[in-house]
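Shown next, in structure tokens, is the structure this report addresses.
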Amino acid sequence: MSRKFHHSLLFSLVLAVTSLPCHAGKLGDFEKSIGKQSDSPSKPDDSRSSKTSCDEDSLSLILSCLAAELVFEIATELLITGGHYSFQRISNTDTTESSVHYRRPGEAVIPFIRWDLDSTRVASNLDSSDHRIEAGYGTLAMGYSQRRFRETEPDDTLEIRQLYGLYRMSLGPYVEFDLGMGSQQVKGQQHQSHFFATTPLLIHTSERFGFEFRPAWGGGIQSYDISLLVKSSYGSLKLGYKALSTRSESLNGPYLGFALHY
């Protein structure tokens, strides 16, 4: 009788333990989704697509070539002119360039050095802290950013680090557009490394306010950072929203922070 009772008790304990919920947190789900590919769509029937007329193919090819040539010319002009103007804006020893709006110390665009720090509220049990430093001279700059997520219930962390170079283009005295690329490290339950690209856009047409948009892509992760800056001479208060997503998961939320720029 006692042996049957012990067997029944053991079976009940095993059943209770195995039936407990064992869900990964939001950070765990996000990390698992990095680099996952969506289901491949079914291939269309080639029997109908092969019947497209030659005239339509020729017209499409011509339009594509014209569009590609136009985009290439605009991009080349932007790279050369915008990059050269960034150097001109900091080289204020040449007084003959009356059309150049020389950069004043403390401006947020094409800074010699800038440090950003902010905190994002993703969920009631999930926050992130982010800091970024950028140092450069005119057109060329280097940047480093570190974003650390902290989740409770379950207790988990996730860290994303980026080291990258920037080609900074000045579109007039108030607008900066950059092309950047570098290495992205994702550290959580596992350690992953990816190439990533970014194209920040900074618009500071007012002495008191500015707008910045910083998208980035790499390793199956898309990141978007939109912020409004309330500026003083060498610093800014930042109010913004960050969206970090993969194909199936996202970590989004508003943030508050500040930036120091020289």
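Things worth noting here:
- Residues satisfying the stated conditions in the range 213-234, i.e. part of a strand (DSSP E or B) and in contact (Cβ under 8 Å) with a residue 40 or more places away in the chain: Ala216, Ile221, Leu229, Lys231
- When the range 176-201 is filtered for residues that are free of Cβ contacts under 8 Å to residues at least 60 places away in the same chain and not in a strand (DSSP E or B), the ones remaining, listed by number, are Thr199, Pro200.
- In summary, Tyr174 fulfils each of the numbered conditions (1) over 20 Å from Ala141 (Cα atoms); (2) at pLDDT below 95 with the single exception of condition (1).
One line per residue, one yes/no per condition, for (1) surrounded by fewer than 17 Cβ atoms within 10 Å (Cβ to Cβ); (2) acidic (Asp, Glu); (3) modelled with pLDDT of 95 or more; (4) under 20 Å from Ser129 (Cα atoms):
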{"position": "Glu207", "(1), (2), (3), (4)": "yes, yes, no, no"}
{"position": "Phe213", "(1), (2), (3), (4)": "yes, no, yes, yes"}
{"position": "Leu228", "(1), (2), (3), (4)": "yes, no, yes, yes"}
{"position": "Ser233", "(1), (2), (3), (4)": "yes, no, no, no"}
{"position": "Ser245", "(1), (2), (3), (4)": "yes, no, no, yes"}
{"position": "Glu249", "(1), (2), (3), (4)": "no, yes, no, yes"}
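- Number of residues in the range 115-169 that are farther than 30 Å from Gly83 by Cα and of a type in the set (Phe, Trp, Tyr) equals 1.
- Residue check, Arg148 assigned to a strand (DSSP E or B), more than 16 Å from Phe258 (Cα to Cα), modelled with pLDDT of 95 or more and in contact with a strand residue (DSSP E or B) (Cβ under 8 Å, 6 or more places away or on another chain): yes
- Cβ separations smaller than 9 Å between residues 6+ apart or across chains give the following pairs from the range 92-116 residues that are surrounded by 19 or more Cβ atoms within 10 Å (Cβ to Cβ) to residues that are modelled with pLDDT under 85 and not hydroxyl-bearing (Ser, Thr, Tyr): Arg103/Asn92.
- When the range 100-142 is filtered for residues that are in a strand (DSSP E or B), among the aromatic types (Phe, Trp, Tyr) and under 17 Å from Ser233 (Cβ atoms), only Trp115 remains.
The values are calculated or read from the model by the stated rules, or taken from the named source; none is laboratory data. Just so it is clear, the model here is predicted, and its values are computed rather than measured. Note that we place each Cβ from the backbone using ideal geometry, even for glycine, and neighbour counts take in every protein chain shown.
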